[in-house]
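The values are calculated or read from the model by the stated rules, or taken from the named source; none is laboratory data. Since we're looking at a predicted model, the values are computed, not measured. A quick note on method: Cβ atoms are made from the backbone with ideal geometry, for glycine too, and the neighbour counts reach across all protein chains shown.
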Amino acid sequence: MTALRLIHACAALTAAVCLALTLWTGIDDPGVALAFGVLIAVGELTRWSGTGARRTAPLGTAGSLSYALLGPDAGHPTGHGAAQVVTVVLAASLLGGVPHIWCGRTPTLDHLARRVLTAGFAAVCFQPLFNRGAFRSWDGPAYALLLVALLVLTALCDAVLAAALAHSRTRWRFGPLLRDELRGLLGIGSAVCATGAVMALAVAVAGLWALPVFCLPLLLTQLSVRRYAAVRATYRQTIASLARATEVAGCTPTGHARRVATLSRAVGRDLGLSRPELTVLEYAALMHDIGQLSLVDPVPAGATATLPREAQRRIALLGGAVVRQTGVDAAVATVVERQADPYAEQPLAARIVRAVNAYEEKARDAGPEGPLMALEELRLATAGDYAPEVVESLARVLSQALSDPARDG
Amino acid sequence: MEAAVPARAQGYVACVALLAVLCVLPLHATRTPWWALALLAALYAACEHAVRRRFGGTFYPVLLAGAFLLPPAAAALVPLPAALLAHVEHRPVLPRRVWRAAQPVLAVWAAAQVHWALGGRDAVVAHAFPYALVPAGAAVLAFCVVLTALDGGVLVAAERVPARRAWRGLLSRSLAPVAVHGLAGLMMAVLWRSRYGPVSALLVLLPMCVSCWVFAQYHRERAAHQATIRALVQAVDIKDGYTRGHSERVGRASVLIARELGLDDERVEVLRFAGILHDVGKLGVPTRLLRKDGPLTPEERRIIELHPEYGHEMVRGISFLGEARAAILHHHERLDGSGYPYGLAGGQIPECARVVAVADAFDAMTSTRSYSRARPVEAAVRELERCAGTHFDPRMVTALVRALRRHGWHPAVTADDAPHTVPAQQRAAGRRSGAHR
């Protein structure tokens, strides 16, 4: 929790100092400050709350970055300093958050801290130098490139910050989290940065009219992202229902697929899989038993781990054939198909599904000693069936879950 | 356009091409900023290549920026290289290529002409906001009008679509996205003419590209989602060979009834899913019972009658299905209360369940089952009308009869349309596993 405390303390300190400085010196160019404040507040208002979306308020982020990097306004130089930037961003974000709190959504301080720190970073890099006239020789295209370079730097810092926050909240490994954040920069992150630069430049050329004109394309992007998140959510529900088919059919005990999926995801995260790989792993784990639907006589209790190897592979192949029809990523079908192969020939996701499935089947009815005995069995069988590194990771994940049962692994 | 292009379509394309050439002709008389034209044309070709190849959409900001920056005859040249270089998937290649080149040339020319006439160029150079929005808006409108007029024309000429249907809704559908692209194009033009130069204008394209990318992802994910719904149904088909295509057909019949009842589009869509998924609970019934030839014992019948509850249990977690979940649970209820699982009567049965019940019975009678041969549509309708009021809601039966009279019944469309090889393997695999027992 120390990193979390540190980041929050830094953000609070920055905000307090900037607020005091602004109150001391007064506000330069109140019209510009008001326009950007409204933009950030509107961006914050249209923020959606979803777990899947990383950039939760692209318009607000782009607005605060462009205010931090705003040089001239319609040709006349502006005089606002870094402290004023942080103050305006903070006030607008808080105002835009009020309706969300009113509706009963609990706000997290994380995104506010990130917003304050990144806007502060960009402003500190840019505003003092600009106000002192250091960029007077950088006119023309070089100025545009300078803004882009500053934004890239800011985005990198923001990614590190986000990964650190996520790491201290969830205790997942820092490396994969940072990699996911950096990969996210290529998608919507690049759009946010480019919009920030364009808005700063466009206001420099055309004045504040540029703000509403260029908001609209980014709002469109935000809308597409939201619809994408919505369809992903329903898709996931449908996959989960398809996975429940085996339970309704009496092939497997209730909740088996869901438990295997949750545990597989935790193990995959522990082994450092990326976000798309985790999605493939989760879908494959949800549907790993789907091949049993094609059997005329169900396997007793759906326990495939104790079947002869040939039968296991046949069920896996049948399952792969069903999954191929579902239109999911072909990688999911491959994982389902190869879950019964010896681990040396398997992709990592298939190794995870196989080991976790076996653990779940062995541990579920074995009483309080079950988990330990199941792990022991898996360890003894690692010679051919279960990959040792996956079993060790499983043991780590389980011991973490035991020591901290409140946290969702 | 089919492989053999009708003469009037060829004539139409030739006319459009001739007009396009006429638009470009005054080029020698105007002072053209050639490097800007070349840069914009190359940019458009690159964007079009990336966007069309990867995401299957169109990308107008560069075209409209060209219309805002260049004189009309020069702006008209911007889309040309992209159209000439692009890959044409279907034959005949030549008329298609000419058409794809000539159509945007005319549209961009019209937009640039309107923009020029309203003094937009000076507004862009002087960054005179908000006035710059007026000529830009008019240009976007002109662009849209020309595009849709030409599009409708080619539908009429090549595919013999009636003129009124060809143009209906085309303009209103395309105006909003083109307007957003127009704003991006305007911003691009303003930045291009500013002292920050074309480099800053390029930055505008990045968010637009990302937007296209996310939109394409959305469509891909939605298609995958629908395939998964179908897979739920196919899982039933694996168990119960005789019902192949039954689910799809019940979905279609439910849609027919829902349209006839005048339900709104959203509920029609939900009813389609309700029809497709109504028997999904059969997954929970042992395969041996589903495939049994000959009469069922009362015990076996009770087990089969559990399938609506199994189905409801399965789709409970899919929130977008909405009232379709109730339809799946209650599609075997009868109006007089003699149905299952709950024995609801009359208005207690949800409306959508009453729709699916009629559609289900109709398709069961008109298709071949293990225990009976298919009956003709008229006989099935007579049977439905006989049972209306006791088993079925008379309103739904009348709606189905009316819809059948209007549209006919073409049950050829089945799940067999789906790629064929995999189900065949699966059935073979299912048989193998049967042989193993």
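Brief remarks on what is shown
- Count - residues of the range A:107-145 that are within 14 Å of chain B (Cβ to nearest Cβ), surrounded by fewer than 17 Cβ atoms within 10 Å (Cβ to Cβ) and part of a helix (DSSP H, G or I): 3
- Yes/no for A:Ala321 being over 21 Å from B:Gly311 (Cβ atoms), of a type in the set (Gly, Ala, Ser) and at the interface with chain B (Cβ under 10 Å from one of its Cβ atoms): yes
- Criterion (modelled with pLDDT under 85, outside any helix (DSSP H, G or I) and within 23 Å of B:Thr287 (Cα to Cα)) met by exactly one of A:Leu293, A:Leu307: A:Leu307
- Filter pass, B:Ala123 being in contact (Cβ under 8 Å) with a residue 24 or more places away in the chain and in a helix (DSSP H, G or I): no
- Among the residues listed as A:Cys193, A:Cys251, the single one being in contact (Cβ under 8 Å) with a residue 12 or more places away in the chain and part of a loop (DSSP other than H, G, I, E, B): A:Cys251
- Among all residues of the range A:155-162, there is at least one that is assigned to a helix (DSSP H, G or I) and touching a Cys at 6+ places or on another chain (Cβ under 7 Å).
- Pairs linking a residue in the range A:130-151 that is over 22 Å from B:Leu202 (Cα atoms) and in contact (Cβ under 8 Å) with a residue 24 or more places away in the chain to a residue that is assigned to a loop (DSSP other than H, G, I, E, B) and hydrophobic (A, V, I, L, M, F, W, C), with Cβ atoms under 9 Å and 6 or more positions apart or on different chains, are A:Phe130/A:Leu69; A:Phe130/A:Leu70.
- Sole residue being aliphatic (A, V, I, L, M), in contact (Cβ under 8 Å) with a residue 12 or more places away in the chain and in contact with an Asp or Glu (Cβ under 8 Å, 6 or more places away or on another chain), chosen from A:Leu165, A:Leu161, A:Leu182, A:Leu211: A:Leu165
- Note on the range B:344-368: residues that are in a loop (DSSP other than H, G, I, E, B) and over 33 Å from the mean Cα position of the chain (by Cα) total 2.
- Any chance B:Phe215 is among the aromatic types (Phe, Trp, Tyr), at the interface with chain A (Cβ under 9 Å from one of its Cβ atoms) and not in a helix (DSSP H, G or I): no
- Residue in the range B:80-100 that is buried (at least 19 other Cβ atoms within 10 Å of the Cβ), touching a Phe, Trp or Tyr at 6+ places or on another chain (Cβ under 9 Å) and either among the charged types (D, E, K, R) or outside any helix (DSSP H, G or I) (or both) present: no
- Enumeration of residues in the range B:103-139 that are at pLDDT 90 or above and of a type in the set (Gly, Ala, Ser): B:Ala107, B:Ala110, B:Ala111, B:Ala112, B:Ala117, B:Ala136, B:Gly137, B:Ala138, B:Ala139
- All positions within the range B:271-298 that are more than 13 Å from chain A (Cβ to nearest Cβ) and either in a helix (DSSP H, G or I) or basic (Lys, Arg) (or both): B:Leu271, B:Arg272, B:Ala274, B:Gly275, B:Pro298
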